[in-house]
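Step one of this worksheet: look at the structure below.
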Amino acid sequence: MNDGAAGDPASIGVAVLLTNWTGQGKVDGLDYAEAARDQLEFLLMNVPRTSDGAISHRTDEVQLWSDSVYMVPPFLAYYGAVTGNQTLLQEAYNQIKLYREYLRDEHANNMWKHIQLGSYGTDDGHWSTGAHILRYWNAWAAAGMLRVLGTIKHSDFANSMKSQQKDLANWVQEIHSGMYLHLDSSGLFHNYADDLSTFTDASSTALLASTVYRLSLLWGVHKHLPAAELCRRALSASMDSTINISASVTSSVSPPTSTSTSSSPSASSMVSGTNMPGMLHFTVDGWLTPVVDPYAFSNQGQTSPEGQAFVLAMQAAWRDWVEDGAKGANTAVGTIAPSYPRTVAQAVVAGVLPLVLEV
Ligand SMILES: *[C@@H]1O[C@H](CO)[C@@H](O)[C@H](O)[C@H]1NC(C)=O
Ligand SMILES: *[C@@H]1O[C@H](CO)[C@@H](O)[C@H](O)[C@H]1NC(C)=O
């Protein structure tokens, strides 16, 4: 398939490396290592770069897209970890550092722009400040950085790459701070940073929440756990959403099956008909909703395979965090009032989200 994306194909590279490593190639009669090597060489040798070395997200000209941080550096890092090549782990870090320098917008709470450079990037000039910040793409960037952090941390080079890990952890937090500042009182993000009239996006909400649990596990940073918990509960809310969301933080650390409410389907859920019985954010077929259309990302879409994956990422990260003792849950609750984003605080005050007050 030739759609001009240089970075996207690499996103499956981690799975290819893992498959090779398990020896599945002998069973399948396929050379997964060779496939991974070809992909690596293509990225390093054939794809255009900026003068300072940032690998383009496109093959035809240099364009930097924030989601490339999820597609390319995790593959480079994983390749380096599996083959014992520190140069590649360092290259993964370098790429993120460069992308951040190009895309971070200090006028938008350090959130990242979606695209810079090339013929798409110039479109930014027509948009008011912040309009080029789509939360969806910030969640991708944070998740990519987190994966590289996790890979370096669990590699043989963890000790000699401490400062790189620290930077990555800080840059993930930078996006968390920018994003959660404007979390909607519904517990979801609006897709555009500066326009609350734009639709809310459950997929970035789920993906970013997963990075909060992971950062807590990997780096002991618990600052945004209240926000992540709010998001997770909002996404798993029943139509009678105040019932679910008002569950205390203590009850949130029990397995998901036991946190489901005993509420019977409300009148509104029966009226809707297109939702999974009682679920506010899942259709009857199990699709997360509302979501960014992955094929036209400034629009709201009906179904998003990515959104489905992000729900699993969130649930898996949350489960691991709970199994690890839900560290920081109490700290987070203790510090919730002064540090909480304004919109969330308002929601709590309004009684929509009385989660803190009950603890
Ligand atoms: C493929 O897997 C083998 C071990 O199973 C490993 O030695 C080799 O480095 C791997 N190659 C790549 C490119 O990951
Ligand atoms: C690490 O990977 C790069 C890129 O493929 C390669 O040029 C270099 O020789 C490798 N280094 C080692 C020590 O294998």
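In region 12-30, what residues are over 13 Å from VAL82 (Cβ atoms) and in contact with a helix residue (DSSP H, G or I) (Cβ under 6 Å, 6 or more places away or on another chain)?
GLY25, the sole residue that qualifies.
A quick yes/no check of all residues on (1) more than 12 Å from ligand 2 (Cβ to nearest atom); (2) assigned to a helix (DSSP H, G or I); (3) within 19 Å of VAL172 (Cα to Cα):
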| residue | (1), (2), (3) |
| --- | --- |
| TYR70 | yes, yes, yes |
| LEU76 | no, yes, yes |
| GLY80 | no, yes, no |
| THR87 | no, yes, no |
| GLU91 | no, yes, yes |
| ASN94 | yes, yes, yes |
| LYS97 | yes, yes, yes |
| ARG100 | yes, yes, yes |
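Need a quick list: helices (runs of 4 or more DSSP H) entirely within region 8-66 having at least 3 residues that are over 14 Å from TYR79 (Cβ atoms).
In region 8-66, 24-28 are the helices (runs of 4 or more DSSP H) which contain 3 or more residues that are over 14 Å from TYR79 (Cβ atoms).
Quick check on my filter: what residues within region 1-14 are among the hydrophobic types (A, V, I, L, M, F, W, C) and within 12 Å of ligand 1 (Cβ to nearest atom)?
The one that is among the hydrophobic types (A, V, I, L, M, F, W, C) and within 12 Å of ligand 1 (Cβ to nearest atom): VAL14.
Looking at this structure, is SER304 farther than 25 Å from VAL291 by Cα and either modelled with pLDDT under 85 or assigned by TED's automatic domain parsing to the domain that holds LEU188 (or both)?
Against the criterion (farther than 25 Å from VAL291 by Cα and either modelled with pLDDT under 85 or assigned by TED's automatic domain parsing to the domain that holds LEU188 (or both)), SER304 does not qualify.
Any residue in region 159-179 that is at negative phi sitting within a Cβ distance under 6 Å of a residue that is among the small types (Gly, Ala, Ser) and surrounded by 13 or more Cβ atoms within 10 Å (Cβ to Cβ)? List the pairs, counting only those 6 or more apart or interchain.
What qualifies is VAL172/ALA142; ILE175/ALA142.
Which of the residues spanning region 49-91 are modelled with pLDDT of 90 or more, away from ligand 1 (no atom under 16 Å from the Cβ) and more than 18 Å from LEU103 (Cα to Cα)?
If the condition is that a residue be modelled with pLDDT of 90 or more, away from ligand 1 (no atom under 16 Å from the Cβ) and more than 18 Å from LEU103 (Cα to Cα), then GLN90 is the only one that fits.
Which members of region 181-210 meet the condition of being in a helix (DSSP H, G or I) and over 13 Å from TYR136 (Cα atoms)?
Once the filter is applied, which keeps residues that are in a helix (DSSP H, G or I) and over 13 Å from TYR136 (Cα atoms), region 181-210 yields only SER210.
Evaluate region 21-39: report whether one residue or more is within 27 Å of ASN138 (Cβ to Cβ), of a type outside the set (D, E, K, R) and at pLDDT 95 or above.
yes
So, in region 211-248, of the ones that are at pLDDT below 90 and assigned to a loop (DSSP other than H, G, I, E, B), which residue ends up surrounded by the fewest Cβ atoms within 10 Å (Cβ to Cβ)?
SER248
From the list ASP31, ASP3, ASP38, exactly one residue is over 19 Å from TYR70 (Cβ atoms), surrounded by fewer than 14 Cβ atoms within 10 Å (Cβ to Cβ) and more than 16 Å from ligand 2 (Cβ to nearest atom). Which is it?
After ruling out the rest, the residue left standing is ASP31.
The values are calculated or read from the model by the stated rules, or taken from the named source; none is laboratory data. All values reported here derive from a predicted model rather than from experimental measurement. Because the Cβ atoms are built from the backbone with ideal geometry, glycine has one as well, and the counts that use them run over all protein chains shown.
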